[in-house]
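> Can you keep this structure in mind? I'll have questions shortly.
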Amino acid sequence: MDERFNRWLLPPLLALLFLLIVYQYVSPACPGAACPRRPPASAARRGGGPEEREEEEEAAAMPRLAAKFPFARGELCRRVRFDMRGRDVIVFLHIQKTGGTTFGRHLVRNIHLEQPCYCRAGQKKCACHRPGGDKDTWLFSRFSTGWSCGLHADWTELTSCVPAAMERRGCAGNRTLRSVPAFQMLQIRSRLSQRRGKAPWQQVPLPGPWDRTVRCRPHSGRRNFYYITMLRDPVSRYLSEWKHVQRGATWKTSLHMCDGRSPTPDELPTCYEGDDWSGVSLQEFMDCSYNLASNRQVRMLADLSLVGCYNLTFMNESERNMILLQSAKNNLKNMAFFGLTEFQRKTQYLFERTFNLKFISPFTQFNVTRASNVDIGEDVRQRIEELNFLDMQLYEYAKDLFLQRFQYSKQEEHQKNRLKRREERRLLR
């Protein structure tokens, strides 16, 4: 009797236990429909509304960058109050084979401006005057002022030359000064600086065969120079320069000015005899120990006066390399802006955010270049990396800083838009 009773009682008890288990996982508050996901804790604390959940999901969707180098907030937040109507000037440091020609054309032809640059058909240079009829230029670059400080002038040359070159362009007798070469600009700069605090008009004698009197009128207020540049992956840049030189290109007219003089032939020998190095093989290109293609980006961004310019006997090689690399990093970090050839859209975005200027057409990422078409083995790639070991370290540093700045700007933009949406919703209530 008891055994039959237990058999009868066991199924209802098991069924009841099954219902209790199911009840724990299926809420009666949402019958016939799937329950919504549990909102994040932060959204729950604010009430868990759909707008808050949307903002949390947008924030979570932003990519997280594993930073390699620590940078302060002021080094990531790049905003300059560029006064185009005043005396501010953007100075473009153009490093060979970094996409600088394309970027330089963007600056003169692809920016929304109150007074666009005037570019004549068939001419490389454009007139980029300030709004309001001022003939002064707001852009110092190959496509606006030409090579006023020498062909592909580096940081050492530009910082010594640009202030004087801009003063020359402000002279009433500008045409008489166009032939003054960069190696005499330091003398001009010194003489022009003596005008400050004197009469509104000052006689400025020019040196050498251009020694003639030109009446200049000093402008009120100082100029702000905002230096910008482009960098590229060192291996790709090196291969691109080799292909360029192989086709017969040279930069032998570059002045390489440092501490008021150009290097002697012993300090800076050439890698070839004759007019150019056309037809050079990659092996020959790599074997030239004084080829300026090696570590070009570090050399062009560093203050060469810190290491005795091109005098390699000034200090030992390891100390020289360490100082050059650190100087290039500091100068790059303190520039108003720099972009990377491998990140065209991000470069466009950061430039627009930095200077509060907008480009007309978006930048295009060209993944197929002459360098990318060069088929090299792993041993050759390793050799190029060794030849450019300073550039490799600089590019790693630059890429990390660039991506951190991009992420910081995106997060800042996201926060600004989120606050704007909140304010709009508040006004609608």
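> Testing residue 97 on (1) open to solvent by 40 Å² or more (accessible area, probe 1.4 Å); (2) at pLDDT 95 or above; (3) not in a loop (DSSP other than H, G, I, E, B), one condition comes back false. Which one is that?
The single condition residue 97 does not satisfy is (3).
> Turning to a different aspect of this structure: Is at least one residue of the range 117-129 open to solvent by less than 60 Å² (accessible area, probe 1.4 Å), closer than 22 Å to residue 250 by Cβ and in contact with a helix residue (DSSP H, G or I) (Cβ under 6 Å, 6 or more places away or on another chain)? Full working, then the answer.
Quick first cut of the range 117-129, residues open to solvent by less than 60 Å² (accessible area, probe 1.4 Å) only: 117, 119, 126-129.
Subset that is closer than 22 Å to residue 250 by Cβ: none.
Among the residues of the range 117-129, not one is open to solvent by less than 60 Å² (accessible area, probe 1.4 Å), closer than 22 Å to residue 250 by Cβ and in contact with a helix residue (DSSP H, G or I) (Cβ under 6 Å, 6 or more places away or on another chain), which makes the answer no.
> A further question follows. Looking at (1) in a loop (DSSP other than H, G, I, E, B); (2) at pLDDT 60 or above; (3) among the small types (Gly, Ala, Ser), find the lone condition where residue 47 falls short.
The one condition residue 47 does not meet is (2).
> Taking residue 337, is it out of contact with any Asp or Glu (no Cβ under 6 Å at 6 or more places or on another chain), within 18 Å of residue 227 (Cα to Cα), open to solvent by less than 10 Å² (accessible area, probe 1.4 Å) and among the hydrophobic types (A, V, I, L, M, F, W, C)?
Yes, satisfied.
> Quick one: which residue in 113, 107 is part of a helix (DSSP H, G or I), open to solvent by less than 50 Å² (accessible area, probe 1.4 Å) and aliphatic (A, V, I, L, M)?
Of the residues listed, the single one that is part of a helix (DSSP H, G or I), open to solvent by less than 50 Å² (accessible area, probe 1.4 Å) and aliphatic (A, V, I, L, M) is 107.
> Please specify each residue of the range 73-93 satisfying the condition of being within 18 Å of the chain's Cα centre (by Cα) and not in a helix (DSSP H, G or I).
77, 78, 79, 80, 81, 82, 89, 90, 91, 92, 93
> Provide a single number: the residues in the range 130-156 that are within 24 Å of the chain's Cα centre (by Cα) and either open to solvent by less than 30 Å² (accessible area, probe 1.4 Å) or at pLDDT below 95 (or both). Working first, answer last.
Filtering the range 130-156 for residues within 24 Å of the chain's Cα centre (by Cα) gives 130, 137-156.
Keeping just the survivors that are either open to solvent by less than 30 Å² (accessible area, probe 1.4 Å) or at pLDDT below 95 (or both) gives 130, 137-141, 143-146, 148-150, 152-154, 156.
Residues that pass the stated criteria total 17.
> For residue 339, which of the numbered conditions (1) in a helix (DSSP H, G or I); (2) in contact with a strand residue (DSSP E or B) (Cβ under 6 Å, 6 or more places away or on another chain) fails to hold?
(1)
> For the range 405-420, state whether one or more residues are under 30 Å from residue 238 (Cβ atoms) and hydrophobic (A, V, I, L, M, F, W, C).
Yes, there is a match, as at least one residue in the range 405-420 is under 30 Å from residue 238 (Cβ atoms) and hydrophobic (A, V, I, L, M, F, W, C).
> If a residue has to be open to solvent by less than 60 Å² (accessible area, probe 1.4 Å), outside any helix (DSSP H, G or I) and modelled with pLDDT of 95 or more to count, how many in the range 348-375 make the cut?
4
> Which condition does residue 69 not pass, out of (1) open to solvent by less than 60 Å² (accessible area, probe 1.4 Å); (2) outside any loop (DSSP other than H, G, I, E, B), if it passes all the others?
Result: residue 69 passes all but (2).
> A further question follows. State whether one or more residues within the range 303-311 are open to solvent by 20 Å² or more (accessible area, probe 1.4 Å) and outside any loop (DSSP other than H, G, I, E, B).
The answer is yes; a qualifying residue exists.
> Follow-up question, since we're still on this one. May I ask you to verify whether residue 345 is assigned to a loop (DSSP other than H, G, I, E, B) and open to solvent by 20 Å² or more (accessible area, probe 1.4 Å)? Quick ask: steps written out before the conclusion?
Values: assigned to a loop (DSSP other than H, G, I, E, B): no; open to solvent by 20 Å² or more (accessible area, probe 1.4 Å): yes.
Considered against the rule, which asks whether it is assigned to a loop (DSSP other than H, G, I, E, B) and open to solvent by 20 Å² or more (accessible area, probe 1.4 Å), residue 345 comes out as no.
> Just name the residue that is farthest from residue 374 (Cα to Cα) out of those in the range 233-290 that are among the basic types (Lys, Arg) and open to solvent by 40 Å² or more (accessible area, probe 1.4 Å). Give the derivation first.
Kept after step one, since they are among the basic types (Lys, Arg), are these residues of the range 233-290: 237, 243, 247, 252, 261.
Adding the requirement that they be open to solvent by 40 Å² or more (accessible area, probe 1.4 Å) leaves 243, 247, 252, 261.
Working: 243: 9, 247: 14, 252: 25, 261: 38 Å.
Residue satisfying both the conditions and the ranking: 261.
The values are calculated or read from the model by the stated rules, or taken from the named source; none is laboratory data. Treat the numbers as computed from the prediction; the structure is a model and nothing was measured. For neighbour counting, all protein chains shown are included, and Cβ atoms are generated from backbone atoms with ideal geometry for every residue, glycine included. Heavy atoms of the whole protein, side chains included, go into the accessibility calculation; ligands, DNA and RNA do not. Shrake-Rupley method; radii C 1.70, N 1.55, O 1.52, S 1.80 Å.
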